[in-house]
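Asker: The structure's right below; bear with me while I get my questions together.
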Amino acid sequence: MGWNWACALSEHADLHILTQHDNGNKERIDRLRAQGLGLHPSATIHYLPAFLPPADDPDRARIGASPFRYYRAYRRWQWMAFLHAQKIVADNQIDIVHHLNMTGYREPGYLWLLDRPFVIGPVGGFLNYPWSYMPVLRPAERLRQSARSIVNTLTMRLDRRVARALRTAAVVLAATSADAEMMRRCYGLKPLVTGDAACGPMPDRPRRIAGNSLTLVSSGLHIARKSLPVGLHALALLGPDVPWTLHLLGEGPETPHLRGLADGLGITERIVWHGWRPRAEAIEIMKDADIFLFPSLLEGSATVVMEALSLGLPVVCFDCCGMHDSITPDCGIAIPTTPASTAASRFAVAIQALWRSPETREKLADGARARAQELSYPARAAQVAHLYQSLVGAAGHSP
């Protein structure tokens with residue numbers, strides 16, 4: 001996400017980018033720049049040591065498995081980045097400082113201490129898993145999500161550094177409108193909603209011909225907050241009159257539970273379990289689908305949703321989080337989250353309606369491509385660049 005934002009913003013401003021030298025990061029960037037791809041030639045990249053040990057170091061897994069150790073290591077890296085940024089500001093004409101990553105609000109870094117207009121975001125991570133859906137989770141996951149919600153609520157209200165960073169910012173960008181509302185309540189801010197992910201280049205979309213079956217695709221980690229059981233229950237409710245197939249991309253700790261649920265619902269034979277595939281293969285699988293099914297209840301601007309729109313896939317999802325901001329009646333069907341007891345049946349009704357009307361599917365497919373243009377990285381970067389201009393306009397020069 002950060003790379004795509006940087007590439008798009010580099011078309012509007014001369015950037016000095018602080019990033020880490022880790023796992024071939026520098027080599028990949030150098031290769032892309034040598035090919036004339038990605039960043040504008042005027043952008044300067046400053047590489048800092050990685051905040052995690054190398055991949056073959058046992059400490060990497062130990063630190064990565066503990067949120068406390070992970071954030072402590074990342075906070076140290078952010079302080080190192082701040083010290084390096086001080087030198088950049090001293091040696092160059094810097095008009096604006098922008099803390100872009102990470103999206104989660106818990107680590108705002110220290111760039112807000114610099115004597116320059118400060119932009120932060122897109123900021124997200126304020127949302128919790130809906131309490132009304134806790135009963136559908138398995139006991140261990142229910143406990144984990146409940147604990148996360150409590151810690152998250154306490155952090156956003158008690159962490160002084162987070163509050164100072166957000167209130168110091170000249171501009172706060174929000175990952176979702178729901179995150180913006182939480183920042184308004186907690187900090188009295190009025191963030192601009194830009195989304196954290198955006199749509200990339202749009203490959204050619206084959207004209208789909210109405211056939212004798214309906215192909216759905218879903219993609220992502222198999223974790224509790226993705227709420228894939230809602231989608232599986234919805235498909236089971238369709239009955240034999242809707243000849244559907246679901247292509248399921250991804251896997252995770254919930255995969256065994258999902259396979260067991262599919263067996264219990266009697267729909268295993270209609271699901272193709274792809275697991276993880278290289279991105280190019282995953283895109284080809286998605287391109288051949290009729291509908292993108294995404295029943296997640298806790299997301300930002302999900303990258304897979306952006307990809308689905310770019311491919312001209314109508315999206316069926318919950319009307320919450322980043323999906324609320326991205327999916328309109330012209331490009332998909334957004335299902336209200338309440339009441340939880342009827343969520344699966346409402347997904348089933350939406351899918352059945354799309355099966356019965358190939359014309360509606362095609363209309364939504366065209367709308368998805370149009371929406372992808374509106375949510376593209378160039379479009380969102382132009383919006384942020386306009387903010388940059390407004391911050392430095394009084395000085396009489398461009399950033």
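The values are calculated or read from the model by the stated rules, or taken from the named source; none is laboratory data. Please read all numbers here as calculations on a predicted model, not as lab measurements. Every residue, glycine as well, gets a Cβ built from its backbone with ideal geometry; the counts of neighbours run over all protein chains shown.
Asker: Could you tell me which numbered condition Pro41 fails, if it satisfies all but one of (1) of a type outside the set (Asp, Glu); (2) assigned to a helix (DSSP H, G or I); (3) free of Cβ contacts under 8 Å to residues at least 24 places away in the same chain; (4) closer than 27 Å to Ala90 by Cβ?
Answerer: All conditions pass for Pro41, except number (2).
Asker: I would also like to ask the following. When only residues in segment 42-80 that are under 21 Å from Gly104 (Cβ atoms) and hydroxyl-bearing (Ser, Thr, Tyr) count, which is surrounded by the fewest Cβ atoms within 10 Å (Cβ to Cβ)?
Answerer: Of everything passing the filter in segment 42-80, Ser66 is surrounded by the fewest Cβ atoms within 10 Å (Cβ to Cβ).
Asker: Looking at segment 321-345, which of its residues are closer than 18 Å to Ala234 by Cα, surrounded by fewer than 20 Cβ atoms within 10 Å (Cβ to Cβ) and touching a residue at least 40 places away in the same chain (Cβ under 8 Å)?
Answerer: The answer is Thr337, Thr338, Pro339, Ala340, Ser345.
Asker: Those residues that are in a helix (DSSP H, G or I) and surrounded by fewer than 18 Cβ atoms within 10 Å (Cβ to Cβ), I need them from segment 164-186; list them, please.
Answerer: Arg164, Arg167, Thr168, Ser177, Glu181, Arg184, Arg185, Cys186
Asker: Within segment 263-286, is there a residue that is surrounded by 13 or more Cβ atoms within 10 Å (Cβ to Cβ) and on the phi > 0 side of the Ramachandran plot?
Answerer: Within segment 263-286, not a single residue is surrounded by 13 or more Cβ atoms within 10 Å (Cβ to Cβ) and on the phi > 0 side of the Ramachandran plot.
Asker: Can you name every one of the helices (runs of 4 or more DSSP H) wholly within segment 326-399 that holds 3 or more residues which are within 30 Å of Cys7 (Cα to Cα)?
Answerer: 358-374, 377-392
Asker: In addition: Look at Arg207 and say whether it is loosely packed, with under 13 Cβ neighbours inside 10 Å, more than 21 Å from Ala344 (Cβ to Cβ) and either at pLDDT 95 or above or not assigned by TED's automatic domain parsing to the domain that holds Gly367 (or both).
Answerer: Spelling it out, Arg207 is indeed loosely packed, with under 13 Cβ neighbours inside 10 Å, more than 21 Å from Ala344 (Cβ to Cβ) and either at pLDDT 95 or above or not assigned by TED's automatic domain parsing to the domain that holds Gly367 (or both).
Yes or no, residue by residue, for (1) at pLDDT 95 or above; (2) small (Gly, Ala, Ser); (3) under 23 Å from the mean Cα position of the chain (by Cα):
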site: Phe68; (1), (2), (3): no, no, yes
site: Tyr74; (1), (2), (3): no, no, yes
site: Gln78; (1), (2), (3): yes, no, yes
site: Leu83; (1), (2), (3): yes, no, no
site: Asp95; (1), (2), (3): yes, no, no
site: His98; (1), (2), (3): yes, no, yes
site: Asn101; (1), (2), (3): no, no, yes
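Asker: May I ask you to say which residue of Asp366, Asp319, Asp330 is among the acidic types (Asp, Glu) and touching a Leu at 6+ places or on another chain (Cβ under 8 Å)?
Answerer: One residue alone meets the criteria, Asp330.
Asker: Quick check on this structure: which one of Val392, Val315 is closer than 26 Å to Leu173 by Cβ and either surrounded by fewer than 16 Cβ atoms within 10 Å (Cβ to Cβ) or out of contact with any helix residue (DSSP H, G or I) (no Cβ under 6 Å at 6 or more places or on another chain) (or both)?
Answerer: Val392
Asker: Which numbered condition in (1) over 23 Å from Arg346 (Cβ atoms); (2) touching a strand residue (DSSP E or B) at 6+ places or on another chain (Cβ under 8 Å); (3) modelled with pLDDT of 95 or more is the only one that Asp288 fails?
Answerer: Among (1) over 23 Å from Arg346 (Cβ atoms); (2) touching a strand residue (DSSP E or B) at 6+ places or on another chain (Cβ under 8 Å); (3) modelled with pLDDT of 95 or more, Asp288 violates only (3).
Asker: Ok, one more. Starting from segment 239-267, keep only residues that are under 20 Å from Asp288 (Cα atoms), then list their pairs with residues that are buried (at least 16 other Cβ atoms within 10 Å of the Cβ) and among the charged types (D, E, K, R) whose Cβ atoms are within a distance under 7 Å, requiring at least 6 positions of separation or different chains.
Answerer: Close Cβ pairs (under 7 Å, with a partner that is buried (at least 16 other Cβ atoms within 10 Å of the Cβ) and among the charged types (D, E, K, R)) amount to Trp244/Arg270; Thr245/Arg270; Leu246/Arg270.
Asker: Which condition number in (1) out of contact with any Phe, Trp or Tyr (no Cβ under 8 Å at 6 or more places or on another chain); (2) in contact (Cβ under 8 Å) with a residue 60 or more places away in the chain; (3) within 28 Å of Pro243 (Cβ to Cβ) is the one that Glu359 fails?
Answerer: The single condition Glu359 does not satisfy is (2).
Asker: So, in segment 346-362, exactly how many residues are small (Gly, Ala, Ser), under 12 Å from Ile291 (Cβ atoms) and surrounded by 18 or more Cβ atoms within 10 Å (Cβ to Cβ)?
Answerer: Final tally of qualifying residues: 1.
Asker: So Ala180 clears everything in (1) within 30 Å of Leu232 (Cβ to Cβ); (2) among the hydrophobic types (A, V, I, L, M, F, W, C); (3) under 19 Å from the mean Cα position of the chain (by Cα) except one condition, right? Which one?
Answerer: Tallying (1) within 30 Å of Leu232 (Cβ to Cβ); (2) among the hydrophobic types (A, V, I, L, M, F, W, C); (3) under 19 Å from the mean Cα position of the chain (by Cα), Ala180 fails exactly one: (1).
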